[in-house]
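Working notes, beginning with the structure itself.
The values are calculated or read from the model by the stated rules, or taken from the named source; none is laboratory data. Predicted, not measured: the structure shown is a model, and the values here were computed from it. Every residue, glycine as well, gets a Cβ built from its backbone with ideal geometry; the counts of neighbours run over all protein chains shown. When the accessible area is computed, the model is the full protein with side chains, heavy atoms only, and any ligands, DNA or RNA have been set aside. Shrake-Rupley method; radii C 1.70, N 1.55, O 1.52, S 1.80 Å.
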Amino acid sequence: MSNNSLAQIAAITTMNVRNMSQRAASSIVALIGIAGVVTVLIGVLSIAEGFRAVLEISGSDQVAIVLRNGATDEMGSGLSQEQTRVIADSKQALRDEQGPVVSPELYVIVDRPLLSTGTAANVPLRGVGQQATKLRGNFKIVEGRMFTPGTFEVVVGKGASMQFADLKVGNQFRAGTTNWTVTGIFEDRGSVAESEVWTDATVLQGAYNRGSSYQSMRVKLTSPSAMQAFKDEMTSDPRLNVRVFSEKQYYEEQSRILTALVSTLGTSIAVLMGLGAIFAALNTMYSAVSSRMREIATLRALGFGSAPVITSVLAEAMLIGLIGGLVGMIVSYLAFNGMRASTMNFATFSQLTFAFTVTPQLLIQGLVWALILGLIGGLLPSLRAAKLPITTGLREL
């Protein structure tokens, strides 16, 4: 492109931008439309990002989860007490003064009302072993105390306590045929455990007539590199018929369904809303071209080419898209980032609490989407301006 063309583009674009105040109403409508699209897009995708982040920080490469062969999650699994003892005897299991750092666990679903709506939702009630807290490296009681083994006491994850009724320290709630007393609230760096209620596995077995069976076994290994040796040992033992995951792998697989669903939904909503924003941008830019027909024709008569005219109209449309995108980014970050909510974990059909997470990548994605909307909205009007016959434009009043 020649220096002359660049100078023409700069001159016309500068003039267009200065005259935007004359089209303030239509420009603001287009800007708001684009900002709304970006806000919704980032807001919806931040749900998937928050869900993924919770499951990502929940997993460790040094902790193995053992399930019955064929099971894809804890709900569909089952292990006998004898099998859990065999697993605990693994040479790859880390040991301390209390023995192998393992936790045979039982997992049931209880109904609790959501604080926000009062409607019933599924909350995981997990029975854990004596060493369970050592398997979650960031576990800590932040209010009250740990439950006493052998009693109908529970501790509640911070996320569950904030989302569901009667899960504060000192409260009682009924699950199964038993009244359970909340003795403490715990944190685990925002992991999936914070969506759960914990009690003694042996007590939970009795309360739900589960005999001596468990659903999963967590094992802390001597090191992350011991994972493959542990898998080989477990899957080759004739006394066992099990699958072995690293905790990180297990939660990554669980996150795929919801992440894909929310991402598809968010993109679909953004496309539908984007169509409305494009029409608003088209209207704005067609109005701009119509009001400047004589001006454009005069510029063409003075020797300005079609390319500078097209570029100037596109630049104005993309400027509207840029401003709308920046507004949408700011609004979505302030409105959504860190906001706590709960959603269905389709892998376990229980509620998972999480925080909306607006990442830099999502903000950039929203801005790119806004610029695309501006570009599409300015494309047809710019072509019309370039093809406008000079004589027709000069006759306009």
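Tabulated results
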{"read-out": "Residue list for the stretch 139-186, restricted to those being closer than 15 Å to P113 by Cα and among the basic types (K, R)", "value": "K168, R174"}
{"read-out": "Residue in the stretch 149-165 that is more than 30 Å from T235 (Cα to Cα) and aromatic (F, W, Y) present", "value": "yes"}
{"read-out": "The stretch 315-342, residues that are modelled with pLDDT of 85 or more and hydroxyl-bearing (S, T, Y)", "value": "S332, Y333"}
{"read-out": "Lone unmet requirement of (1) open to solvent by 40 Å² or more (accessible area, probe 1.4 Å); (2) among the hydrophobic types (A, V, I, L, M, F, W, C); (3) more than 26 Å from T353 (Cα to Cα) for A35", "value": "(1)"}
{"read-out": "Residue that is farthest from S58 (Cα to Cα) [pool: residues in the stretch 343-379 that are modelled with pLDDT of 75 or more and surrounded by fewer than 15 Cβ atoms within 10 Å (Cβ to Cβ)]", "value": "V368"}
{"read-out": "Residue within the stretch 92-113 that is modelled with pLDDT of 85 or more, in contact with a helix residue (DSSP H, G or I) (Cβ under 8 Å, 6 or more places away or on another chain) and assigned to a helix (DSSP H, G or I) present", "value": "no"}
{"read-out": "Output for the stretch 203-215, where each listed residue is of a type in the set (S, T, Y) and touching a Gly at 6+ places or on another chain (Cβ under 9 Å)", "value": "Y208, S213, Y214"}
{"read-out": "First in the stretch 166-185 and of a type in the set (S, T, N, Q) and open to solvent by less than 40 Å² (accessible area, probe 1.4 Å), second anywhere and modelled with pLDDT of 95 or more and not in a strand (DSSP E or B), Cβ under 6 Å, 6 or more apart", "value": "T178/F152; T183/R145; T183/F147"}
{"read-out": "Residue tally, condition in a helix (DSSP H, G or I), at pLDDT 80 or above and crowded, with 24+ Cβ neighbours inside 10 Å, over the stretch 50-78", "value": "1"}
{"read-out": "Leading residue by the ranking (nearest to S103 (Cα to Cα)) among those in the stretch 133-165 that are open to solvent by less than 50 Å² (accessible area, probe 1.4 Å) and among the charged types (D, E, K, R)", "value": "R136"}
{"read-out": "Count of the stretch 190-201 residues which are hydroxyl-bearing (S, T, Y) and modelled with pLDDT of 95 or more", "value": "1"}
